Amino acid sequence: MIVFGIETSCDETSAAVVKDGRVLLSNIVASQMEEHALYGGVVPELASRRHVEVLIPVFRQALTEAGCTWADIDAIAVTNRPGLLGALLVGTSAAKALGMALKKPVVPVHHIEAHLYANWLHTLAPPGYPLGAGAGGGASVQVDYPAVALVVSGGHTDLFHLRGHSDYVLLGRTRDDAAGEAFDKCARLMGLGYPGGPAVQKAAEGGNPKAITFPRALLQGTHEFSFSGLKTSVRYALQGENLPSISDIAASFQEAVVDVLSKKTILAAKELGVERVLLAGGVSANTRLRDVMQERCDKAGLALFYPPVALCTDNAAMIACAGYWHLQNGRTANLDFETRASEPLAGVQ
Ligand code: KG4
Ligand code: ZN
């Protein structure tokens, strides 16, 4: 089965062609990051307009690179929630039009669920596909259920118990800032620009992670997170008399985030008795997070999975993969689905 994936929930316009939920035939991502960087963050109206402009060329490129025509496509999968409403509507309107014209099913996909499915893609992607550095968590166990998953993106820090396809329990989430938001806000405080995650990671490379012991909100007895106190501490550190170097502050901040994320995720996996841990979302591209998670998972006897860097941030291949599994599991689609700015992926049990 060949699925055409569409993603326009934020500032990336992406289209992908994925075969059997695992073989990436193409994955085109047109980023608007540079335009939004001028304003220090995503400007929703600008995002919608750019999606409209580049959507058709991106679609064409996805088909060409995959060596396909519309006739080869069996189904269309599109992000319909959560995200910027105007941006989402560009993708869902196009998907519905395609579905109607091609007489093919259209499957609405939850963006966060798709981030989780990026883990299914990478372990099964064909050798040689240009996925970039860092592919694979090195686990010998196949990615499967049950698992504990940490989704860390610009808007989410969610810990899930994954029991099966579309059978998820939310263990906990952030009480305030998301991990990616903390990276973005602290990068701005440090004058490192937007998006903050990659900038902080780069600045941290030459820094001492032990230079400053930033607070770790472990919120024991819960699976919840909090990063707003850490952000305040970074602000104070920048106002000190004997100002440490930006590299040291960045490395120490990154260490505090990674320490909390890895400790809490591994504790949850142990409590639930699962043997797999999955990372997903933009922040899972962070090298230090991957390394510390790997070290601690190895120690705890847990198999760790994370997508290659190119599939951690927003892309349509993960949308196509999620759509494939929905169809496999008998979730029939019709064209009257809604587009929603917010909707939790799963409830707390
Ligand atoms: O998943 P994503 O592309 O978009 C959302 O759905 O939010 O995640 C974007 C977030 C941004 O906050 C960005 O700063 C962060 O992921 N990010 C990183 C890294 N690469 C992207 N954070 C830390 N280290 C990175 N290398
Ligand atoms: Zn995302």
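The values are calculated or read from the model by the stated rules, or taken from the named source; none is laboratory data. Keep in mind the model is a prediction, meaning the values are calculated, not measured. Glycine gets a Cβ as well: all are built from the backbone with ideal geometry, and neighbour counts include every protein chain shown. With ligands, DNA and RNA removed, areas are computed over all heavy atoms of the protein, side chains included. Shrake-Rupley method; radii C 1.70, N 1.55, O 1.52, S 1.80 Å.
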**Prompt:** When you go through (1) within 25 Å of the chain's Cα centre (by Cα); (2) in contact (Cβ under 8 Å) with a residue 40 or more places away in the chain one by one for residue 211, which number turns out not to apply?
**Reply:** (1)
**Complete:** Okay, helices (runs of 4 or more DSSP H) sitting entirely in the range 261-349 with 3 or more residues that are within 30 Å of residue 207 (Cβ to Cβ), I get 287-300, 309-312
**Fill in**
Looking across the range 144-165 at residues that are open to solvent by 50 Å² or more (accessible area, probe 1.4 Å) and closer than 24 Å to residue 21 by Cα, the single one that is nearest to ligand 2 (Cβ to nearest atom) is 165
**Request:** Being touching a His at 6+ places or on another chain (Cβ under 8 Å) and within 24 Å of residue 295 (Cα to Cα) is the filter here, so list the residues in the range 150-173 that pass it.
**Result:** 151, 153, 159, 171, 172, 173
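Can you report the number of residues in the range 185-195 which are farther than 21 Å from residue 240 by Cβ and at pLDDT 95 or above?
To start, the set of residues in the range 185-195 that are farther than 21 Å from residue 240 by Cβ comprises 193-195.
Now restrict to residues that are at pLDDT 95 or above: none.
Number satisfying all stated conditions: 0.
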**Fill in**
Cβ pairs under 6 Å, 6+ apart or interchain, first in the range 146-168 and more than 16 Å from ligand 1 (Cβ to nearest atom), second of a type in the set (D, E, K, R) and part of a strand (DSSP E or B), ordered by first then second residue, are 146/163; 147/276
**Message:** Looking at the range 63-79, can you tell me whether even one residue there is within 15 Å of ligand 1 (Cβ to nearest atom) and touching a strand residue (DSSP E or B) at 6+ places or on another chain (Cβ under 6 Å)?
**Reply:** yes
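Test residue 139 against the stated conditions and say whether it is touching a strand residue (DSSP E or B) at 6+ places or on another chain (Cβ under 6 Å), modelled with pLDDT of 95 or more and either part of a loop (DSSP other than H, G, I, E, B) or buried (at least 20 other Cβ atoms within 10 Å of the Cβ) (or both). Talk me through it step by step, then tell me what you get.
On the way: touching a strand residue (DSSP E or B) at 6+ places or on another chain (Cβ under 6 Å): yes; modelled with pLDDT of 95 or more: no; either part of a loop (DSSP other than H, G, I, E, B) or buried (at least 20 other Cβ atoms within 10 Å of the Cβ) (or both): yes.
Considered against the rule, which asks whether it is touching a strand residue (DSSP E or B) at 6+ places or on another chain (Cβ under 6 Å), modelled with pLDDT of 95 or more and either part of a loop (DSSP other than H, G, I, E, B) or buried (at least 20 other Cβ atoms within 10 Å of the Cβ) (or both), residue 139 comes out as no.
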**Item:** Members of the range 315-340 that are within 14 Å of ligand 2 (Cβ to nearest atom) and either of a type in the set (S, T, N, Q) or not assigned by TED's automatic domain parsing to the domain that holds residue 32 (or both)
**Value:** 315
**Prompt:** Counting only residues that are closer than 15 Å to residue 202 by Cα and among the acidic types (Asp, Glu), which one in the range 239-260 is surrounded by the fewest Cβ atoms within 10 Å (Cβ to Cβ)?
**Reply:** 248
**Asked** Which residue, of 180, 229, 207, 193, is open to solvent by 10 Å² or more (accessible area, probe 1.4 Å), of a type outside the set (S, T, N, Q) and assigned to a helix (DSSP H, G or I)?
**Response** 229
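Keeping to the range 263-300, report how many residues are polar (S, T, N, Q) and buried (at least 23 other Cβ atoms within 10 Å of the Cβ).
Within the range 263-300, the first condition is being polar (S, T, N, Q), and the residues that meet it are 265, 284, 286-287, 294.
Cutting the leftovers down to buried (at least 23 other Cβ atoms within 10 Å of the Cβ) gives us 265, 284, 286.
Selection size over the range 263-300: 3.
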